[in-house]
Amino acid sequence: MKKVTVLKGRLLFLLGIALFAAACAPPAAELQWYRGSLHAHSYWSDGDDFPEMAVEWYKSHGYHFLALTDHDILAEGGKWVKVDELKGGMVSLEKYRQRFGADWIEERTVADTLQIRLKTFAEYRPLYEEEGRFILLVGEEISDGFEEIPIHINAYNIVELIPRQGGASVVETMRNNIRAVREQRQRTGQPMITHLNHPNWQRSVTAEELLEVPEMDFFEIYNGDDTYGDSLQTSQDRLWDIVLTKRLAEQKASPLYGIGVDDTHGYHEMSIDKSNPGRCWVMVQADRLTPEAVIAAMEAGDLYASTGVDLKAIRIEKDQFTVEIEGEEGVEYTTCFIGTRRGYDPGSEPVVDQDGQPLRLTRRYSPSIGEVLAEVKGTSAEYRFAGDEIYVRAKVISDKLMPNPCVEGEVEVAWTQPVVVAPAGK
């Protein structure tokens, strides 16, 4: 009995210390939504503008963070570009001169050809970063492939260039490149993440191949290149549900998170057939605006993707999933709660050509995978868990047309991350 009394006293003493420390500690920073772009290009690879101009576009349009992810290169060292070979041509140079002037721009003429030196990340970063308002992440698009199949993976907050790793298959190529980034993260101690780019572009990655890469944490739910699929190729929305269902139910693995990107290449001509900025972004909820905080929030799933719909809140409670929408006057919203229930049909069949031969495409699965569990109209949508769901995600669809769509009739949408529902009794 005495021993119990002593233990109680010690616990009360420790509790008192903890309460005192909590009272003296500074208040926790309030969570905020930060808007970011994680896939954009400049003259360092195949974009049509100077990196400073690309950064300025995003900052001036209300973004809080940006990663320029040029192909297989970091913006460092000396790189001169020929003006007559620039994708943006003299139009981009004149805009650049007008904005920055002769004191900033370095020009030279070699063999009667005008050249411009591209500014490095270290040079242009101080022009734009502001504490709490805007930051830049070091980024790279690792543009690998297997045979004729492109396999592109974006890496963020890296310290050194990640060379293409290659592989003996699509799956091995993905895994090798992710491993290279993770090894750099472990070696340097700096937080880094990767995501799979445009799986539908040139039919690069199927759901079945992605299922063999459990270490892939993120993929592009929206990209201007073939996001929606066609009569043979599944949409990236559908691919997501297939992978989520089988990862969670059959592999007992972690969920795959979806992000939205522009994959910007063209800054001068806004057109349906151009890869323009401002079409899709991520909103990340973090307690501060730093690369470390943004990455930590993303890894925790505290983000959503949007092509124009703003969310006020996403609340996950014991028995309820709530989405609050920042409504726009005159716009109607429909929230689709999408998921898969236990007991779904796991069967599938291949997509075949006219001769009945299987094609290298995502297989056809039962509609019980990724079904619409509920639809709610308005700016506040609630879904009550039945308890038999494997996961539930929300897709908010507005009736407002996108101002600069990738396809005709495209409306503004937002995608939340999946909520993994605990099995009954847990």
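Values quoted throughout were computed directly from the atomic coordinates according to the rules given, and no laboratory measurement underlies them. Bear in mind the structure is a predicted one, so any value in this text is a computation, not a measurement. When we count neighbours, we look across all protein chains shown, and the Cβ atoms used for this are built from the backbone with ideal geometry, even at glycine.
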Summing -39500 (n - 2.57) over every DSSP H run of at least 4 residues in the chain and dividing by its residue count gives a helix-only mean residue ellipticity at 222 nm, to the nearest 500 deg cm²/dmol, of -7000 deg cm²/dmol
Two pseudo-spin positions, 7 Å from Cα along C-beta at Thr188 and at Asp353, lie apart in nanometres by 4.4 nm
Length gained if Glu371 through His268 is fully extended, taking 0.36 nm per residue and subtracting the Cα-Cα distance, is 33.1 nm
About its Cα centre, the range 225-286 carries a charge dipole, from +1 on Lys and Arg Cβ atoms and -1 on Asp and Glu Cβ atoms, whose size in debye to the nearest 20 is 380 debye
Contact order relative to length for the chain, counting C-alpha pairs under 8 Å separated by 6 or more residues, stands in percent at 13 percent
Residue span Lys87 to Asp287: 0.36 nm per residue of separation minus Cα-Cα distance leaves a gain in nm of 68.1 nm
Here the gain from full extension of Glu129 to Arg384, 0.36 nm per residue of separation minus their alpha-carbon distance, amounts to 87.6 nm
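Using Stokes-Einstein with the Kirkwood hydrodynamic radius over Cα pairs, what translational diffusion coefficient do you get for the range 110-170 at 25 °C and a viscosity of 0.890 mPa s, in µm²/s rounded to a whole number?
164 µm²/s
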Classified through the alpha carbon gyration tensor (a ≥ b ≥ c as square roots of its eigenvalues; rounded if a/c is under 1.5, else prolate when a/b is larger than b/c, else oblate), the range 176-224 comes out prolate
Among Leu244, His39, Met53, the residue whose Cα sits farthest towards the positive end of the charge dipole of the chain, when +1 is placed on the Cβ of each Lys and Arg and -1 on the Cβ of each Asp and Glu, is Leu244
Projecting the Cα atoms of Leu196, Leu311, Ala75 onto the charge dipole of the chain, where Lys and Arg contribute +1 and Asp and Glu -1 at Cβ, the residue farthest towards the positive end is Leu311
Given unit charges at Cβ for Lys, Arg (+) and Asp, Glu (-), the dipole magnitude of the range 306-370 about its Cα centre in debye, nearest 20, is 500 debye
Of 221-229, 34-42, ordering from highest average Cβ density within 10 Å down gives 34-42, 221-229
Partner aspartates and glutamates whose C-alpha sits under 20 Å from that of Lys95, ignoring same-chain residues fewer than 8 away, are Asp46, Asp48, Asp49, Glu52, Glu56, Asp84, Glu85, Asp103, Glu106, Glu107, Glu123, Glu269
Fewest to most Cβ atoms within 10 Å: Phe121, Phe321 sort as Phe121, Phe321
Under the rule rounded for a/c under 1.5, else prolate if a/b exceeds b/c, else oblate, using alpha carbon gyration tensor axes a ≥ b ≥ c, the chain is classed as oblate
The range 213-290 and the range 155-212 have their Cα centres apart by a whole-number Å value of 15 Å
Answer in debye to the nearest 20: the dipole magnitude of the chain about its Cα centre, from +1 Lys/Arg and -1 Asp/Glu charges placed on Cβ, is 2320 debye
